[in-house]
Protein chains: 2
Amino acid sequence: MTAEQDQSCNALSALQAIVGVEHVLVGQAAERWSTDWTGAYRAMPIAVVRPDSRDEVSAIVRLANTFRIPLVPVSGNTSLNGGAIGRDAIIISVDRMRRIREIRPQARVAVVEAGVIVSALDDAVGQYGLTFPLSFGAAGSSLIGGVLSTNAGGANVLRYGNARDLCLGLEVVLPDGQVLDLMTTLKKDNSGFDLRDLLIGSEGQLGIITAAVLRLHPRAGEQVTAILGMQDLSRAPALLNRLQDASGGAVTAFEFMSRSYMEKVQGHVQGARCFLETIYPATILVEMSTTREMDLGSLLETGLEEAMETGDVSDAVVAQNNGQQRDMWALREAAAEVAFHRHPVVDTDIAVPVDRVADYLEAIPQRMAEIDAGFDDIAVAHLGDGNIHYTVWPSCDDPAIEAAFRAAIDALAVEMGGTFSAEHGIGLSKLPSMARHKNRVALDVMRKIKTALDPNGILNPGKTLPAEI
Amino acid sequence: MTAEQDQSCNALSALQAIVGVEHVLVGQAAERWSTDWTGAYRAMPIAVVRPDSRDEVSAIVRLANTFRIPLVPVSGNTSLNGGAIGRDAIIISVDRMRRIREIRPQARVAVVEAGVIVSALDDAVGQYGLTFPLSFGAAGSSLIGGVLSTNAGGANVLRYGNARDLCLGLEVVLPDGQVLDLMTTLKKDNSGFDLRDLLIGSEGQLGIITAAVLRLHPRAGEQVTAILGMQDLSRAPALLNRLQDASGGAVTAFEFMSRSYMEKVQGHVQGARCFLETIYPATILVEMSTTREMDLGSLLETGLEEAMETGDVSDAVVAQNNGQQRDMWALREAAAEVAFHRHPVVDTDIAVPVDRVADYLEAIPQRMAEIDAGFDDIAVAHLGDGNIHYTVWPSCDDPAIEAAFRAAIDALAVEMGGTFSAEHGIGLSKLPSMARHKNRVALDVMRKIKTALDPNGILNPGKTLPAEI
């Protein structure tokens, strides 16, 4: 036995002593954590440990410091950026910590552990007429810990904000094993630096989130969903503003799908319907909802009639029942499946100012064509947030082409005052973008904070922050 | 000349070289920065320097590092906590940096410098049908830099959030003089740690804010304001929820005034009217507004009639015109004047969970009476945020009584799951509270971050973070 193997053995025994033998997985039992959802990354961790409490998490983190073994926190393993890959590391999974500790309907908050499934929380609060409104394709398998540590977004950010905006309090195990209890239900707290927001979205670099206090919202009584066809996407932001103002801010989603996406999605969603008779350059899914008793349907129809008179909207279908509503969303939510059904694939998550989305989507295909004339692409976007998921497939399997695609997609976003990572975070796949485009001073500050809080580099090393050159 | 005086002289000459002789003030010219609005703190700074650009700010910060002279950033000097007092320090005022660089109505953002007056920005965007909705008594003199560095709140937080929620981008000079340019207009950006929110509310400890990108909101077309009298404050949160749900979230303010406040305020507001025939245990100012064409007035009246039938509300007056609306707000906005007209005074800014406000206000007078039977008090609250400004006057001038009052007020808030500082921050006056009640681990993390970014302790030393014991 080498000294290294010996050390590894000691660490595993110590882990078993903390969580119990059955919750330290190695070999085949750890297999399901060895790959990510996208299939782009594959690496066997040293082990997977599944603690059941924040105190177990704390003990594991202290142990990792003692043995100087990196820890990679994982929740639902739905990262699109390789964020939960555990090469040469111990994966620490929060999936056993799945208690909803408390629901306070009057105060409209829920206290939950990190392993609670996003959609399960939404189901649980439904009986009180409330909702946890974070909504995206993976909501049925992603966990609260993960959505907070990546500040997940999705289709309802327009109305309810991203994960950060839905979080009042946090419980976090810091890189040195200390427990930071910020489990407040307060709406206002200016007692010192905003550590909560620093930890949210830090991708497990600065701590492992073990529990949270989350905001709930009243469940909408009225809801209306429609699919619109537009010739000219550049008119969409003004249409969104008009619908928002006319409804007093009732628009909850305003989602774009490109022509090529609409053509391809039909092969991926069983019984998919496109709703409109022809496929327009821009298809928009709009949803409005409110707790108020009001006829949102006629309000939307009036808005759309006006937009058709001015030519902004060419055609529109309003969902007549829940089934149609679901079918409309099924179209949009198949985006990740459509993107990843074919490899190699370059998926992206850029954002530009809301009024530049149309410019971006007009300019980007030309840049792709200059790299690989045989490329194919799709685009969907959270239009109200300026957040575009542009996906491109090269005509052949050449890593240089993929890299050139990514670089060009990022560069154009940054040129337009945008970002190369809007809601998916950095993980592994966006490290080159981070190195190339992130403000140097911001990187310097991030590294100083990381070093101050994690001097041994225990938590999720080699991700989020590119190595200094 | 002593070595110290010599050093100070050199520093002043160097400052003059950066900003021009006329913008380095000493002696009588610096007088107006020697005291704070509350009158509780008084200290002559070494000098006041008034830079005109972020590059001048950066040069000044580098100079301060060279000479190891503390810098105290100041904006409108409206801090209620002694946050801008410059004892043994050079005060750096951003009041000359008052350009509104850009208003983008379609994108609903404004790009402004730190010295812009809050209400001036709101006025400037009014012509586009937009508003910058931060609203509090000092909005006519507080500056953007200050409201961001303290994460100011106020009466509209319920609907629009606090300063943090209204900020998309920041430009900050760091404690080492580097310029951190986070001037994005993006709604979503997950490219690394959330430095923006860490800097907002850090009270000039981690950087000096020089410019910001701010969110604007559509100006409400319909607005309705009313004064309600309630016998039982504990029924107010449910009333607020019902009004919010019935209006689709149109309630923008829900402000509480105590009986003793209503009695005293009439001596402070010229021609003050109490609107209701008698003074109830709880007076509520409610305001609803929306961009939607709808009859908010009848919606509110229906809600109030229901509340009067159930006995939740005893009496109500709805403002019939702008003049009455202004008079209602004048009642509420006189709170700081009423509090500080008499000395010694203990003003506070605590928050408890929304459903504990009535419990808090019921329990606190007894605790005061145990300390000083002759005390007098008032209370106002941003009820929707659980944020209470409880003010107490001791019967005699005894610092020990004042300290005991503060300690008891904080302690009860913390017992109820609340905070000793909801929106005013820490500054100097809340340092003992911070030392007594703030989570030890959170303080440890804050100190590590402060040391990592400001190793020379140049920015605003001796405030916000209590000394380690």
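Could you count how many residues in region B:281-306 are farther than 19 Å from B:G249 by Cβ and surrounded by fewer than 21 Cβ atoms within 10 Å (Cβ to Cβ)?
Qualifying residue count for the region: 2.
Test B:A110 against the stated conditions and say whether it is at pLDDT 95 or above, crowded, with 21+ Cβ neighbours inside 10 Å and small (G, A, S). Talk me through it step by step, then tell me what you get.
Details: at pLDDT 95 or above: yes; crowded, with 21+ Cβ neighbours inside 10 Å: yes; small (G, A, S): yes.
Here the answer is yes, as B:A110 does meet what is asked.
Among the residues of region B:279-297, what is the count of those that are in contact with a Ser or Thr (Cβ under 9 Å, 6 or more places away or on another chain), within 14 Å of chain A (Cβ to nearest Cβ) and not small (G, A, S)?
So the answer is 6.
If you go through region B:52-67 one residue at a time, how many are among the hydroxyl-bearing types (S, T, Y) and assigned to a helix (DSSP H, G or I)? Reasoning before the result, please.
So in region B:52-67, the residues among the hydroxyl-bearing types (S, T, Y) come out as B:53, B:58, B:66.
Checking which are assigned to a helix (DSSP H, G or I) leaves us with B:58, B:66.
Going through region B:52-67 one residue at a time, the tally reaches 2.
Within region A:151-171, can you find the residues that are in a loop (DSSP other than H, G, I, E, B) and either more than 7 Å from chain B (Cβ to nearest Cβ) or touching a Pro at 6+ places or on another chain (Cβ under 6 Å) (or both)? Step through it out loud before you land on a result.
At the first step, the residues of region A:151-171 found to be in a loop (DSSP other than H, G, I, E, B) are A:151-156, A:161-162.
The answer is A:A152, A:G154, A:A155, A:N156, A:G161.
I need the full set of residues from region A:13-47 which are aliphatic (A, V, I, L, M), buried (at least 18 other Cβ atoms within 10 Å of the Cβ) and within 21 Å of A:D454 (Cβ to Cβ), in order please.
Answer for region A:13-47, where residues must be aliphatic (A, V, I, L, M), buried (at least 18 other Cβ atoms within 10 Å of the Cβ) and within 21 Å of A:D454 (Cβ to Cβ): A:L15, A:I18, A:I46, A:A47.
From the set of residues in region A:10-47 that are in a loop (DSSP other than H, G, I, E, B) and modelled with pLDDT of 90 or more, which is nearest to A:T66 (Cα to Cα)?
Residues of region A:10-47 in a loop (DSSP other than H, G, I, E, B): A:20, A:26, A:34, A:36-41, A:43-46.
Then keep just the ones that are modelled with pLDDT of 90 or more; that gives A:20, A:26, A:34, A:43-46.
Details: A:G20: 19, A:V26: 21, A:S34: 25, A:A43: 24, A:M44: 22, A:P45: 19, A:I46: 16 Å.
Top of the filtered list is A:I46.
Kindly state which helices (runs of 4 or more DSSP H) lie completely within region A:361-469 and contain at least 2 residues that are within 11 Å of another protein chain (Cβ to nearest Cβ) and touching a Leu at 6+ places or on another chain (Cβ under 6 Å).
A:440-453
What's the number of the only condition in (1) in contact with a helix residue (DSSP H, G or I) (Cβ under 9 Å, 6 or more places away or on another chain); (2) more than 24 Å from B:W329 (Cα to Cα) that B:L216 fails to meet?
(2)
Quick one: is B:V173 at pLDDT 95 or above, under 21 Å from A:D194 (Cα atoms) and out of contact with any Gly (no Cβ under 8 Å at 6 or more places or on another chain)? Outline the logic, then answer.
Working: at pLDDT 95 or above: yes; under 21 Å from A:D194 (Cα atoms): yes; out of contact with any Gly (no Cβ under 8 Å at 6 or more places or on another chain): no.
When the stated conditions are applied, B:V173 does not pass them.
Of everything in region A:279-305, what is part of a helix (DSSP H, G or I) and hydroxyl-bearing (S, T, Y)? Give them in sequence order.
Step one: of region A:279-305, the residues part of a helix (DSSP H, G or I) are A:296-305.
Correct list: A:S298, A:T302.
Go through (1) over 22 Å from the mean Cα position of the chain (by Cα); (2) without any contact (Cβ under 8 Å) to a residue 40 or more places away in the chain; (3) in a helix (DSSP H, G or I) for B:A358 and report which single condition fails.
Condition (2) is where B:A358 drops out.
In this structure, does B:I92 turn out to be closer than 23 Å to B:S119 by Cα, touching a Pro at 6+ places or on another chain (Cβ under 8 Å) and of a type outside the set (D, E, K, R)?
Numbers: closer than 23 Å to B:S119 by Cα: yes; touching a Pro at 6+ places or on another chain (Cβ under 8 Å): yes; of a type outside the set (D, E, K, R): yes.
So B:I92 fits the description; yes.
So, in region A:376-425, of the ones that are of a type in the set (V, I, T) and more than 14 Å from A:D347 (Cβ to Cβ), which residue ends up nearest to the chain's Cα centre (by Cα)?
Restricting attention to region A:376-425, the residues satisfying the condition of being of a type in the set (V, I, T) are A:378, A:380, A:388, A:391-392, A:401, A:409, A:414, A:419.
Those still in the list that are more than 14 Å from A:D347 (Cβ to Cβ) too: A:401, A:414, A:419.
On the way: A:I401: 26, A:V414: 20, A:T419: 15 Å.
This residue is A:T419.
Given the options A:I426, A:I401, A:I388, A:I458, name the one that is in contact with an Asp or Glu (Cβ under 6 Å, 6 or more places away or on another chain) and buried (at least 18 other Cβ atoms within 10 Å of the Cβ). Even if it seems obvious, please write down each step before you answer.
Values: A:I426 fails: in contact with an Asp or Glu (Cβ under 6 Å, 6 or more places away or on another chain); A:I388 fails: in contact with an Asp or Glu (Cβ under 6 Å, 6 or more places away or on another chain); A:I458 fails: in contact with an Asp or Glu (Cβ under 6 Å, 6 or more places away or on another chain).
Criteria check complete, one pass: A:I401.
Can we say A:F375 is aromatic (F, W, Y) and touching a residue at least 60 places away in the same chain (Cβ under 8 Å)? Break it down stepwise before answering.
Working: aromatic (F, W, Y): yes; touching a residue at least 60 places away in the same chain (Cβ under 8 Å): no.
So A:F375 fails the test.
Please determine, by comparing only the residues of region A:88-107 that are closer than 19 Å to A:P45 by Cβ and over 22 Å from the mean Cα position of the chain (by Cα), which one is surrounded by the most Cβ atoms within 10 Å (Cβ to Cβ).
A:I90
Out of everything in region A:192-226 that is without any contact (Cβ under 8 Å) to a residue 60 or more places away in the chain and not aromatic (F, W, Y), what residue ends up being surrounded by the fewest Cβ atoms within 10 Å (Cβ to Cβ)? Working first, answer last.
Pass one, region A:192-226, residues without any contact (Cβ under 8 Å) to a residue 60 or more places away in the chain: A:192-197, A:199-200.
Pick out the ones that are also not aromatic (F, W, Y) and you get A:192, A:194-197, A:199-200.
Values: A:G192: 25, A:D194: 21, A:L195: 23, A:R196: 23, A:D197: 23, A:L199: 26, A:I200: 28.
Here the residue is A:D194.
Pick from B:V346, B:V352: which is buried (at least 21 other Cβ atoms within 10 Å of the Cβ), in the same structural domain as B:F405 (by TED's automatic domain parsing) and at pLDDT 95 or above?
On the way: B:V346 fails: at pLDDT 95 or above.
Just a single option satisfies the conditions, and that option is B:V352.
Surrounded by fewer than 22 Cβ atoms within 10 Å (Cβ to Cβ) and at pLDDT 95 or above: does that describe B:V441? Walk me through how you get there before you give the answer.
Working: surrounded by fewer than 22 Cβ atoms within 10 Å (Cβ to Cβ): yes; at pLDDT 95 or above: yes.
When the stated conditions are applied, B:V441 passes them.
The values are calculated or read from the model by the stated rules, or taken from the named source; none is laboratory data. Here the structure is a predicted model, which means the values were calculated and not measured. Quick reminder, even Gly has a Cβ in these numbers, built from the backbone with ideal geometry, and neighbours come from all protein chains shown.
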